[in-house]
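Here is the structure we will look at.
The values are calculated or read from the model by the stated rules, or taken from the named source; none is laboratory data. Predicted model only: the values in this text are computed from it and were never measured. Quick reminder, even Gly has a Cβ in these numbers, built from the backbone with ideal geometry, and neighbours come from all protein chains shown.
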Amino acid sequence: MLPGLITGLCIAKTHQAPVSLLLPCALVALLASLWCNQHKQLTRLWLCCFFIGTTLSFWAYGLERFPAKPHPTTLALPEREATLTFRVERVLGSMTVYRNSTGIAKVSEATPTSPVLAKSRIYFRVKSPEQSDYMLRRGQTLKLTGILRPILIEDGEDSFAAYLKSIGIHYTFERTSELRVLKEASAFDRFCMRMNERFDEYLRLGAPANTHLTNVYVAMLLGKKAALSDEQTERFRMTGTMHFFAISGLHIGVIATVIAQFLLLLRVPRHFSPWVGLPLLYLYVEITGASPSAVRAFLMAACFWLSYALTRQRSPLAALASSAVAVLWIAPEQVWSLGFQLSYTVVLSILLFGLPLHEVLTKRFHPNQFLPEADWSQSQRSRAWITDKLLLLFSISIAAWLASAPLSAGLFGFIAPGAIWLNMLLIYLAALVITGGVISLSVAAIGFTPLCAFMNHSSWVCISIMEWLIQLNLSIPGSAINSDGFPKTISYIGVIGFIGLVFWLHLNRLRFRSLAILIPPVYVIFTLLLGLIYSP
């Protein structure tokens, strides 16, 4: 279903067609696939009919969900005044020194002369009231008069404006009138906002004066990248470690593991633990702002964890595909989000390339491969355990880098070969920081603030080591290569070709052959060199 879903949404973005025609054709194709499924000799035809049916279905779905894209002549018009009613979807920055709050919202009503229509999304910057304690909240419905300014970018531009355009936002709304709230956020949204503020305070307990470690700590646990200084942001970006500050798969995976182990300690049955753990995990996602990356990671974890409750066969690949279908069903515009593309390609690469690579390396470099495990001494067991963990970290890191390097080169303007070894060292440290943060927040919530401050100090030690390793990496020549002007076409060819080769290895059962597994890395390196040659 997933390839048909993505294809249909991409077609809907650029081509219009009558929905009344698409849906009957989709029904015919799906019925044909059902008929072909009854005949074993028509297996390939079944797949073709099913793909056509899902593509047509989601083409129609995309036409209904996507707002009409403004015509280039409309975007060329100067900024104008308009009165908009909109619902706040995300608050990106709140209460700056100028009392401005920024975020993303969906328009429900607009003045007739406004170039923005209902269902469109905008980026807003509104001035908060004089009360110093007022904060804009997700879920509020506002009505304001302000200036609509079209977002114009140059080809190949890498900026926040380019990001907004990529997710279907074409106008900013600013210089607004006095804030008018038509509907307050729900009680649950207000609770999550209060808990977010309280968590921020808990994570700073016991902090020494004039330290920047607390800002990194808060950014890692709550996803508040604005807490980082410009120098820190650039340092993490150039080393390919900025993903530690977006609530994503690493955070959700570590927290889900902590919750699962705690429930296991309480003797909660394994088949019942998802019904307790998943609501707690989702509450964390909402408290941190329910960013798209956090929601994607939660759905991925939920699909996998629920297999225990439903006594189904556990398949990480099936969980990955199911979560992608759910994400695109809820928010189809995510298919053009760089975060969506990076997160799913990286996880897919880890599952289909990283784990098989670990098996190949383990068979070749295992220190005790010619001895029965029952005869291993304690030192041999320790050496085998350390070797296995190092090979696993290397396999995961190289798989993640191969999937992300082409996109990083074309969209961010740099290639970070040093991220391979750096992420090997930082993943465990980041997991310790997240685990310590979860324990710290948990004990603070029940009133044990001294223990909370102690756990915070342990996390700050790990963060100090992480920063030292990142600075060491930047001092090594070649750890970060500038790739300004890298063709985006070659970036996407590199990623799509890499995933295609990995699937080809699996379909032909070549994934455990040491020479065949070198084909995808060689292909990615070739595309990177090709892109650097064609860069201006």
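Summary table
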{"item": "Index of the failed condition, GLY103 passing every other in (1) at pLDDT below 85; (2) small (Gly, Ala, Ser); (3) within 15 Å of LEU142 (Cβ to Cβ)", "result": "(1)"}
{"item": "Failed condition for GLN313, given (1) modelled with pLDDT of 85 or more; (2) part of a loop (DSSP other than H, G, I, E, B)", "result": "(1)"}
{"item": "Single match in LEU92, LEU31 (criterion: of a type outside the set (D, E, K, R) and in the same structural domain as PRO115 (by TED's automatic domain parsing))", "result": "LEU92"}
{"item": "Selection count, region 66-100, where residues are assigned to a strand (DSSP E or B) and modelled with pLDDT under 80", "result": "3"}
{"item": "For ALA209: the one exception among (1) surrounded by fewer than 18 Cβ atoms within 10 Å (Cβ to Cβ); (2) of a type outside the set (Asp, Glu); (3) part of a helix (DSSP H, G or I)", "result": "(3)"}
{"item": "TRP46 vs. criteria touching a Cys at 6+ places or on another chain (Cβ under 8 Å) and surrounded by 17 or more Cβ atoms within 10 Å (Cβ to Cβ)", "result": "yes"}
{"item": "Close pairs (9 angstrom Cβ cut-off, 6 or more residues apart or separate chains): on the phi > 0 side of the Ramachandran plot in region 216-239, part of a helix (DSSP H, G or I) and buried (at least 17 other Cβ atoms within 10 Å of the Cβ) anywhere", "result": "GLY223/PHE245; GLY223/HIS251; GLY223/SER293; GLY223/ALA294"}
{"item": "Residue identified as at pLDDT below 85 and over 28 Å from LEU222 (Cα atoms) among LEU505, LEU501, LEU474, LEU529", "result": "LEU505"}
{"item": "Within region 339-391, tally of residues that are in a loop (DSSP other than H, G, I, E, B) and under 35 Å from the mean Cα position of the chain (by Cα)", "result": "1"}
{"item": "Condition broken by THR176, with the remaining ones in (1) surrounded by fewer than 16 Cβ atoms within 10 Å (Cβ to Cβ); (2) in the same structural domain as ARG90 (by TED's automatic domain parsing); (3) outside any strand (DSSP E or B) satisfied", "result": "(1)"}
{"item": "Region 179-199, residues that are of a type in the set (Asp, Glu) and either touching a residue at least 40 places away in the same chain (Cβ under 8 Å) or surrounded by 16 or more Cβ atoms within 10 Å (Cβ to Cβ) (or both)", "result": "GLU184, ASP189"}
{"item": "Selection from region 14-29 of residues that are touching a helix residue (DSSP H, G or I) at 6+ places or on another chain (Cβ under 6 Å) and either at pLDDT below 90 or not in a helix (DSSP H, G or I) (or both)", "result": "VAL19"}
{"item": "First in region 471-485 and farther than 15 Å from TYR534 by Cβ, second anywhere and charged (D, E, K, R) and assigned to a loop (DSSP other than H, G, I, E, B), Cβ under 6 Å, 6 or more apart", "result": "none"}
{"item": "Cβ-Cβ under 9 Å pairs, at least 6 apart or on other chains, region 364-384 side touching a residue at least 12 places away in the same chain (Cβ under 8 Å), far side charged (D, E, K, R) and exposed (fewer than 14 other Cβ atoms within 10 Å of the Cβ)", "result": "ASN368/ASP375; ASN368/ARG381; ALA384/GLU373"}
